[in-house]
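*Asks:* If you scroll down you'll find the structure; I have some questions about it.
Derivation of every value follows stated rules applied to the coordinates shown; laboratory data play no part. Remember, it's a predicted structure, so these values are computed and weren't measured experimentally. Heads up, the Cβs are rebuilt from the backbone with ideal geometry, glycines too, and the neighbour counts pull from every protein chain shown.
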């Protein structure tokens, strides 16, 4: 069993954190402040293996870290977590660089095409092993692929082969049978750039329980 | 049966044109010059209902037009086809705005995120009814979805409802059971932005006979 730090107290952090607890990992949820009310609620709901603290506390605690902050706040949050606390560790980036600032419009990406959030994180924290994963689906599906009938896919990418192996093991424990490894971290461009299609489909279906499958 | 203009003499134009001929449509393939060797070859191979000429000839001929030119050349090609020849007609845009100018790197998109090639075309030719379709897969799959086992998806979007109905009818004649209508032409952003993921998967599989399916 692992000690895992979750950065972010939103729906994604809650969902991933609770799943990891159910799999007997020890999880510390981190936020900007040590007394975030959502993190406190989450700890109450998840028992003795759940704890909470600052971003820095969670990063220091974890042997492996999940970035579940909103994409446009991720670099700030990771800086608060601290380069030393993230160094040498697997950092799973689930965030999407969505910019919601234009009210009344669909969010756009704050970075895309020639760069990605995951690459920005890898450049900013070169001693961490960034693995992009799970960003291409709604959070209920992330930890429970059986919500959707039939086969469908989760993608990963990253520069460190062992880090990807570690993340694949966690994904398999979530129920994902065959994660598709897209290669190095620059593949995160493509993974983040599917969000506009995902958002459009969500608007049409009015239901986020769908996912991409690569038919072959 | 329809009279259809195909703009572009590459693999996509050849594939779409030959499929349309096999379905008994009359097809004129257009290019920059009236004596393009690939167009001449295509006419020879496709019999009496196939003809060729300039972009302008093909656009004038067609009741419906397919843009099968390379994305970064599309606006130029459509200008050569002529606003009047395209006016009032359904213009199916299959192109992707891929920029191959950086040698040794994967192509990037010349437009994305807050705009798309299909929207650029619709703005440049406001009297045409632009429908984005088929750009999210390799050209063999476009006209023969049964190349890939099981269900998988084709997406369309556009501002004109009747134009989309016309295109859906053609797609069904190609073998597509349930094209997914993503709404207005701005959904083309999402459709064009899946190309980086498609290209990465193609690089890994070394086989372009795969396609996206939306699992629900």
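*Asks:* Pull up the DSSP beta bridges for the protein assembly as shown and report the antiparallel fraction as a percent, rounded to 5.
*Replies:* For the protein assembly as shown, the DSSP antiparallel bridge percentage is about 25.
*Asks:* How many percent of the alpha carbon pairs in region A:3-205 exceed a separation of 21 Å?
*Replies:* Value for region A:3-205: 49 percent of Cα pairs lie more than 21 Å apart.
*Asks:* Taking the alpha-carbon centroid of each part, what is the distance from region A:16-36 to region B:133-186 in angstrom?
*Replies:* Region A:16-36 and region B:133-186 have Cα centres spaced 43 Å from each other.
*Asks:* Calculate how many DSSP beta bridges within region B:27-135 are antiparallel, expressed in % of all such bridges and rounded to the nearest 5.
*Replies:* Expressed as a percentage, antiparallel bridges in region B:27-135 total about 15.
*Asks:* Over the Cα atoms of region B:1-63, what radius of gyration and what Dmax do you get, in Å?
*Replies:* 9.8, 27
*Asks:* While we're here: When the Cα centres of region A:87-105 and region A:108-122 are compared, how far apart do they sit, in Å?
*Replies:* The two parts, judged by their Cα centres, are 9 Å apart.
*Asks:* Which whole number gives the average count of other chain Cβ atoms within 10 Å of the Cβ atoms across peptide B:103-115?
*Replies:* Mean partner shielding for this stretch: 3.
*Asks:* A further question follows. Most exposed first by the Cβ proxy, i.e. fewest other Cβ within 10 Å, how do A:192, B:26, A:146, A:41 rank?
*Replies:* A:146, A:41, B:26, A:192
*Asks:* Taking square-rooted eigenvalues a ≥ b ≥ c of the alpha carbon gyration tensor, is region A:86-206 rounded, prolate or oblate, where a/c under 1.5 means rounded and, failing that, a/b exceeding b/c means prolate?
*Replies:* Oblate is the answer for region A:86-206, as a/c is 1.5 or above yet b/c matches or exceeds a/b.
*Asks:* Could you give the nm distance between label points at residue A:3 and residue B:205, where each point is 7 Å from its Cα heading toward the beta carbon?
*Replies:* Taking the two extended label points, one gets 4.3 nm.
*Asks:* Also, quick follow-up: Among A:125-132, B:74-81, how do they line up by average Cβ neighbours within 10 Å per residue, starting with the highest?
*Replies:* Listed from highest to lowest mean packing, they are A:125-132, B:74-81.
*Asks:* Could you check the spin-label model distance between residue A:159 and residue B:169? Points 7 Å from the Cα along Cα→Cβ, value in nm.
*Replies:* My value for the distance between the label points is 5.5 nm.
*Asks:* So for region A:3-205, averaging the separation of alpha carbon pairs under 8 Å that are six or more residues apart and normalising by length, what relative contact order in percent results?
*Replies:* Relative contact order, region A:3-205: 18 percent.
*Asks:* Here's a follow-up. Residues of A:195-202, mean number of Cβ from any other protein chain within 10 Å of their own Cβ, rounded to a whole number?
*Replies:* 6
*Asks:* Using 0.36 nm times the number of residues separating residue B:103 and residue B:76, minus their current alpha carbon distance, what extension gain do you get?
*Replies:* Length gained between residue B:103 and residue B:76: 7.4 nm.
*Asks:* Evaluate E = 1/(1 + (r/R0)^6) for residue A:24 and residue A:151, where r is the Cβ-Cβ distance and R0 equals 25 Å; express this FRET efficiency to the nearest 0.05.
*Replies:* Plugging the Cβ-Cβ distance into 1/(1 + (r/R0)^6) gives 0.40.
*Asks:* Shortest first, in nm, what separates the label point of residue A:146 from those of the same position in the other copies (7 Å along Cα→Cβ)?
*Replies:* 3.6
*Asks:* Further, regarding this structure: Can you classify the protein assembly as shown as rounded, prolate or oblate using the Cα gyration tensor, where a ≥ b ≥ c are the square roots of its eigenvalues, rounded means a/c under 1.5, and otherwise it's prolate if a/b beats b/c and oblate if not?
*Replies:* Since a/c reaches 1.5 and a/b is larger than b/c, the shape of the protein assembly as shown is classed as prolate.
*Asks:* Let me ask something else. Could you work out, residue by residue across B:187-193, how many beta carbons of other chains sit within 10 Å of that residue's beta carbon, and then give the average as an integer?
*Replies:* That average works out to 6.
*Asks:* Given chain A, what percent of its DSSP beta bridges are antiparallel, to the nearest 5?
*Replies:* Counting only bridges with both partners in chain A, antiparallel ones make up about 15 percent.
*Asks:* Right, next: Put a label point 7 Å from Cα along the Cβ direction on residue A:162, then list its distances to the equivalent points in the other copies in nm, shortest first.
*Replies:* Between copies, matching label points for residue A:162 lie 6.6 nm apart.
*Asks:* So for the pair residue A:115, residue B:115, with labels modelled 7 Å out along Cα→Cβ, what separation do we get in nm?
*Replies:* My value for the distance between the label points is 2.1 nm.
*Asks:* Between copies, how close do the residue A:76 label points come, placed 7 Å along Cα→Cβ, listed in nm from shortest?
*Replies:* 4.4
*Asks:* With runs of 4+ DSSP H residues as the only contributors, calculate the mean residue ellipticity of chain B at 222 nm using -39,500 (n - 2.57) per run, divided by the residue total and rounded to the nearest 500.
*Replies:* Mean residue ellipticity at 222 nm (helix-derived): -10500 deg cm²/dmol.
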